[in-house]
Amino acid sequence: MTISFDEFVDEAMKILDVNLRGYKIKRVQRRTDSLMRRYNVNNYAQCLEKLKNDSEFREAYLDHFTINTSEFFRNPQSFKYLEENILPVLLADNKVVNIWSAPCSNGSEPYTLAIILTELGYDNSRYRILASDIDVGVLEEAKSGIFNENAIGNVPPLLLKKYFEEIKGISMKYKLSQDIINKVSFEYKDLIKEPYEEGWDLILSRNFFIYLTTEIKEMLTHKFVEVLKPGGYLFLGNTEFIFTPEKFGLKKIHSSFYQKI
Ligand SMILES: C[S@@+](CC[C@H](N)C(=O)[O-])C[C@H]1O[C@@H](n2cnc3c(N)ncnc32)[C@H](O)[C@@H]1O
């Protein structure tokens, strides 16, 4: 039996319980095709059978389809702006500052925040950092606090020395200090399908919108704005833009940063 990619997507969405149509479909097809080549799967019907019956392949598909690339201090200029202009404002009064990294991938992003806040001298009774992702594998990786050298390339040498320890016997692996690990909590969340918790002062949603269709991107922007506190901030990736921020109740305050009006 042969089936089209379109038919494959309809069935795969049911098996995986993931809204594949929320993502740019050409990219989903490219990722599907490359995984099929890797596993010697010849057509979409066979791929569906394997998704149904082979849990290892199912995991590999989800893993391959969600791009997990992340690193500490990704786009350092943006983190500098955050450190100098936004965090001091949020921490100026005595309320607990609520920060959400969504999605967080391997944890490099929320841990970067925890390092910055620690360096600024704020105790973790002053803030809460929640980090979520759809990929259970990367969440486990994040919780382990073990990173390879690709993730730490942008960490300033002094901070590297202070917060990371090279793991002896395993080349190029670094363990993040337990004190920083303890400052972030992780949870599974499908950002397309699930409702969001309310009351955030700062939401980081970086390098995620690039994979989504315009329709889903707009839906998620509305969802994020809804759960931001008035005056709260949305921090996007360097190649992501909201072209008409006012349509969502946002104003652009700096490259990659939007504030809820
Ligand atoms: C490229 S990473 C971005 C990580 C981090 N924000 C950064 O900028 O370095 C994209 C992440 O989105 C996650 N993702 C994809 N679809 C998702 C969904 N529907 N809900 C939650 N996370 C999702 C992937 O698992 C992946 O970890």
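Computed quantities for the displayed model
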read-out: Projected-area mean, the stretch 5-65, by convex hull of Cα positions, square nanometres; value: 3.5
read-out: Potential extension, Met13-Val89 segment - 0.36 nm per residue separation minus Cα distance; value: 23.1 nm
read-out: Chain lengthening between Val96 and Lys24 when straightened (0.36 nm per residue, less Cα-Cα); value: 22.2 nm
read-out: Carbon/sulfur fraction of accessible area - the stretch 16-167, other protein chains in place, 1.4 Å, %; value: 47
read-out: Extension gain from Ala45 to Asn238, taking 0.36 nm per residue of separation minus the Cα-Cα distance; value: 65.7 nm
read-out: 22 Å Cα-Cα threshold exceeded, pairs from Lys229/Lys252; Lys143/Lys217; Lys24/Lys193; Lys193/Lys251; Lys162/Lys229; Lys143/Lys260; value: Lys143/Lys217; Lys193/Lys251; Lys162/Lys229; Lys143/Lys260
read-out: At R0 = 45 Å, FRET efficiency that the Cβ-Cβ distance of Ser55 and Lys168 yields, to 0.05; value: 0.85
read-out: Helix-only mean residue ellipticity at 222 nm for the chain, each DSSP H run of n ≥ 4 adding -39500 (n - 2.57), per residue, nearest 500; value: -11500 deg cm²/dmol
read-out: Using θ = phi - 60° and Karplus 6.51 cos²θ - 1.76 cosθ + 1.60, couplings along the stretch 9-14 (whole Hz; Gly, Pro as x); value: 4, 4, 6, 4, 4, 5
read-out: Nearby lysines by direct alpha-carbon distance to Lys161 (threshold 17 angstrom, same-chain neighbours under 8 apart not counted); value: Lys173, Lys175
read-out: Accessible area per residue, Å², the chain with all protein chains present, probe 1.4 Å; value: 50
read-out: Charge dipole magnitude, Cβ of K and R +1, D and E -1 - the stretch 1-74, Cα centre, debye nearest 20; value: 360
read-out: Partner aspartates and glutamates for Lys247 [C-alpha distance under 17 Å; skip if fewer than 8 residues away on the same chain]; value: Glu215, Glu218, Glu226
read-out: Exposed-site-free run, longest, the chain (rule: trypsin sites (Lys or Arg not before Pro); DSSP loop; at most 11 other C-beta within 10 Å); value: 1-167
read-out: Charge context of Arg37, other residues only, Cβ under 12 angstrom, K/R +1, D/E -1; value: +2
read-out: Cleavage-rule hits (GluC sites (Glu not before Pro)) in the stretch 96-202: DSSP loop, at most 15 neighbouring Cβ within 10 angstrom; value: Glu197, Glu198
read-out: Under 19 Å from the Cα of Lys50 - lysines, other chains or at least 8 residues apart; value: Lys14
read-out: Rounded Å value of the spacing that divides the Cα centres of the stretch 195-228 and the stretch 49-114; value: 13
read-out: Within-11-Å neighbourhood charge of Tyr258 [Cβ basis; K, R +1; D, E -1]; value: +1
read-out: Antiparallel %, DSSP beta bridges [both residues in the chain], to 5; value: 45
read-out: Percent of C-alpha pairs per 10 Å bin, the chain, short to long; value: 6, 28, 32, 22, 10, 2, 0
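The values are calculated or read from the model by the stated rules, or taken from the named source; none is laboratory data. Everything quoted here is computed from the prediction, not taken from an experiment. Don't worry about glycine lacking a Cβ; one is built from the backbone with ideal geometry, like all the others, and counts go over all protein chains shown. Heads up: the accessible areas ignore ligands, DNA and RNA and are worked out on the full protein's heavy atoms, side chains in. Shrake-Rupley method; radii C 1.70, N 1.55, O 1.52, S 1.80 Å.
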